Every structure is written in C-alpha cells, then in structure tokens.
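The values are calculated or read from the model by the stated rules, or taken from the named source; none is laboratory data. Nothing here was measured: the structure is a model prediction, and the numbers come from that model. Reconstructed Cβ throughout: ideal geometry from the backbone, glycine too, with neighbour counts over all protein chains shown. Accessible surface is based on the protein model in full, side chains and every heavy atom, while ligands, DNA and RNA are left aside. Shrake-Rupley method; radii C 1.70, N 1.55, O 1.52, S 1.80 Å.
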Amino acid sequence: MNTLKIDIRHTQNWVSQGEIESYAQAFADAASKVYSKTGAGSDFLGWVNLPLEAEESIIKSIEEDVLKLKNKIEVFVVIGIGGSYLGTRAIVDALSNEFALRAGHKPQIIYAGHNLSQDYHARLLKYLGNKEYAVAVISKSGTTTEPAVAFRLLKTHLENKYGKQAAQQRIFAVTDKAKGALKGLADKEGYKSYIIPDDVGGRYSVLTPVGLLPIAMAGFNIRELLRGAADMAQWVAAEKDINKNPAALYAIVRNILYAKGKTTEILASYEPQLNYLTEWWKQLYGESEGKEHKGIFPAGVTFTSDLHSMGQYIQEGGRHLFETTLGIAVPGEPLQVPFDPENTDGLNFIAGKDLDHINKMAALGTRLAHVDGGVPNISITLERLDEYNLGQLIYFFEIACAFSGYMLGVNPFDQPGVEAYKKNMFALLGKPGYESETERLRKLMKA
Ligand code: PA5
C-alpha cells in the first residue's frame, strides 16, 4: 500500500512541468546507477534491496534477545554516532510517548557516544548507578573515537557493577563482520554480535541491526518497519512515470530548485517527536550531497515553535531557501479545545475543534505565507505515525537521496570530509603516527 504522499504544487512559481520533464533523462541515468550499481560508490548499495530481502534469522534473533532482556532491564544504552545512532533515535522518538517512557514495561532507550561531553557521560554513569541496564555498542568501522570512548566508560561501569562475566551478557556489539577494533573486542569477550553488511554505509543502515536491535528493544515492531520500507522500495522501483514516483519527483524538484539558487532546504515538521527524524534526514542529505563544494544545505525546524524564532528569517530573510514540510494526516490521540462560556480568552471560535485541525491550519497558513514570501514548498504527508509509515518514509528519503546525489554529480555514499577534524584531533591528542600533523598544527596555531 502506498500511503506516503508528495505534493509539489507550491513549487510551481519556480518549477514548471516542462522543467520536470527535462530532468527525466538525468533521473533515468541516476536510477540506472542505483539499480545497476554502475555509479560512484556502488559498493555501498546493499540497502537498496535490504527491506525486500530482510533475513528472518536476524529478525528472529533480535526478537529473542528482546524477549530475554526486556523485563530484566530498565535502561538500554545505545552507543553510536552519526548513522550508527540517528536512525534509531529518529524512529524511537517518533513512536514514543514522551510523558510515559516506561509504558508497557519496555526499557528506556538512552544514547551515549554521540558526543564527547564529560558532563553528559558523567551524569549518564551516575544515572545508571542504580538502574538495571544493558548496552549496545554500534560502529560500522569499529574505530570511531566517540563511541569507543563511551564504550570504554560503560564497559568499565558494567564490569564494576555486575562483574566481568555477567557484564558480558549485557553487551551487544553491532559492527563489521571482520574489520575494526570493536570486532576484535567482541570476539575476545564473547559479546552477542550482529553484523552490519559490508555494502551498507552508516547513514543508510537504520534497517540493519544498527537500528533494528534498539528499535525492537524499545518495544516497536521492526517487521512493520521493514514492511513499510519494502512497499516503498517496490513502488519506487516499479513506477516509471516521474510524476507518480515520489522519490523521482522529490529528487528532481530539489535539483531544479538548487540550480535556481535555492541552496538551503529546510525540513519542517509540526510534531515535536519528529525532531530526530529531522536530524537523521540532515545527516543523510548533508553527508551524501555536501561535497566538491556543491550540495543543498539541509536545515531543520519544528513548527509552530520555530515560527516564533526562525519564522522571521524564513519569511523575510535571504531568498536562498526552500521548504519541505513533513505532515501526518491522522493524529494518534483525540483532543479537542473545550468550550468556555465566559470566553475571556476569545477562543470559542475554535471550541470543539481538534487541536490537530488547528495545527493543520497553522501549517497551511504558514505554507501559503512562505510561498508568498518567496520560499517554495514541497509537502510530504504520512498517513499516520506508526512503524509501517515510518518504514516508507525512511526508504523514500534514502532512495531519493541516492537519486538526488547522482543527479547532482557526486558520490552519495562516501564522506571524505569528515576525516579532517579526526586527523587534527588525533594530532592534538598526541596519537602515535600523527607527529608530523602535530607539528603542522603547532605552526598553524602560532600564525
Ligand atoms: O554515514 C556514515 O557513514 C557516518 O555518519 C557514520 O555512520 C558515523 O561516522 C559513525 O561511523 P561508525 O559506525 O563507523 O562508528
């Protein structure tokens, strides 16, 4: 079932139907690079068929681990950064009730290793002092500094708390099948391990055990997530009409807008639980397209909150912006504005109306205002916020990103630019092998 909807009518002052048609060949070339694995980075296209070929044995093993653990632990700590954490957080936050994290006796999901903050990690360790907990350490390379440091802290904490042997039963490693320090450690200590396929890069990995293990541990249905993604994969692969193929349309329209100077895309949602979906999307598009001094800058806002801050810039600031609005058609909970006979606040004109209706009118009013102000709008709507629809959305953004990156002329699957800070950090910390770099930085700092 294809439930995701894309609406590009509010880009028509900038993008004509003729221009969309003129990108048909560019799109066909990009799609062929994805499906025939002939483009740059083609070794990293394993995610394309992943939802269609999800291995039952892996899903079963994850479900068994969840069953074994979920009533024994209060907290599940997910250690990872970038693609090894953002997808999980996007899905878990989107599906969670922020006021009742423990509902259904599922463990609370907490994150570590996505920053190097001493205070964050010290507070986390204190919090875990009197909690029953387990840990998943997730790193494709198995060598990333932030999660490696956090894991060393948590491993020590777990071993002190439970003893070495019992601690081992509370640690899961999700990493490469052969490479990296984490793999070596997992083998040596005998941690339960899940493999990240060779041909799936970090930011495209949420539908591998990277995301599936913690999402299942949070109590959500990973089979439905995969089913949604599989339906989207089939739809996008089969639909040859670019006007009916949501991923083709999104990739084409954003490339046309970019060519016309709309160099910043703002993903706007009206649901605060989608904040991390926005963060995941920012990573996916920023890391995939921002290279060779090209690429749309991905930004994110949550409305209506940010209408009272960034709304000013979007309405009247620099005109290099376009907006992509993420909407949810059907809310999960009923809530209406009550009638007040005194009407002192003057709100009786909306009494009896769903709060969601008011939110949607705010969204429509905002879209029309921003379009009037010179900001084109693409609108993406999910039927409801559940695993199935989120699976569709995740796959939609992934495949559209691959198409879009190839249309832009970059390799959407590498991230050479993230190495620069690492090299400097290692040199500044005196890591063996970085001596000449340290010298270069000393000179730079003096200059
Ligand atoms: O998309 C990517 O490849 C990156 O964002 C990685 O996910 C991130 O750097 C973490 O890498 P790793 O999983 O190797 O620790």
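Taking Gln168 as the residue in question, decide whether it is more than 16 Å from the ligand (Cβ to nearest atom) and at pLDDT 95 or above. The answer is yes for Gln168.
Among the residues in region 409-420, are any more than 16 Å from the ligand (Cβ to nearest atom) and open to solvent by 40 Å² or more (accessible area, probe 1.4 Å)? Yes - at least one qualifying residue is present in region 409-420.
In this structure, is Leu277 outside the structural domain of Ala90 (by TED's automatic domain parsing), part of a strand (DSSP E or B) and touching a helix residue (DSSP H, G or I) at 6+ places or on another chain (Cβ under 6 Å)? Here the answer is no, as Leu277 does not meet what is asked. Only residues that are in contact (Cβ under 8 Å) with a residue 60 or more places away in the chain and within 16 Å of the ligand (Cβ to nearest atom): list them for region 127-138, please. Within region 127-138, Ala136, Ile138 qualify. Checked against the criterion of being within 16 Å of the ligand (Cβ to nearest atom), of a type in the set (Val, Ile, Thr) and open to solvent by 10 Å² or more (accessible area, probe 1.4 Å), region 146-161 contains one or more residues that satisfy it. Scanning region 399-408 turns up no residue that is under 19 Å from Ala268 (Cβ atoms), touching a residue at least 40 places away in the same chain (Cβ under 8 Å) and not in a helix (DSSP H, G or I).
Within region 227-240, if we keep just the residues that are open to solvent by 10 Å² or more (accessible area, probe 1.4 Å) and of a type outside the set (Asp, Glu), the residue that is farthest from Ile394 (Cα to Cα) turns out to be Lys240. Ile109 falls short on exactly one of the conditions (1) under 27 Å from Gly190 (Cβ atoms); (2) within 16 Å of the ligand (Cβ to nearest atom); (3) not acidic (Asp, Glu), and that condition is (2). When the test is whether a residue is open to solvent by 50 Å² or more (accessible area, probe 1.4 Å), at pLDDT below 95 and either in contact with a Cys (Cβ under 9 Å, 6 or more places away or on another chain) or polar (S, T, N, Q) (or both), Asn71 passes it. Cβ-Cβ contacts under 6 Å between residues 6 or more apart (or on different chains), taken from a first residue in region 280-294 that is in contact (Cβ under 8 Å) with a residue 12 or more places away in the chain and assigned by TED's automatic domain parsing to the domain that holds Leu267 to a second residue that is open to solvent by 30 Å² or more (accessible area, probe 1.4 Å) and more than 10 Å from the ligand (Cβ to nearest atom), are listed as Lys282/Gly300.
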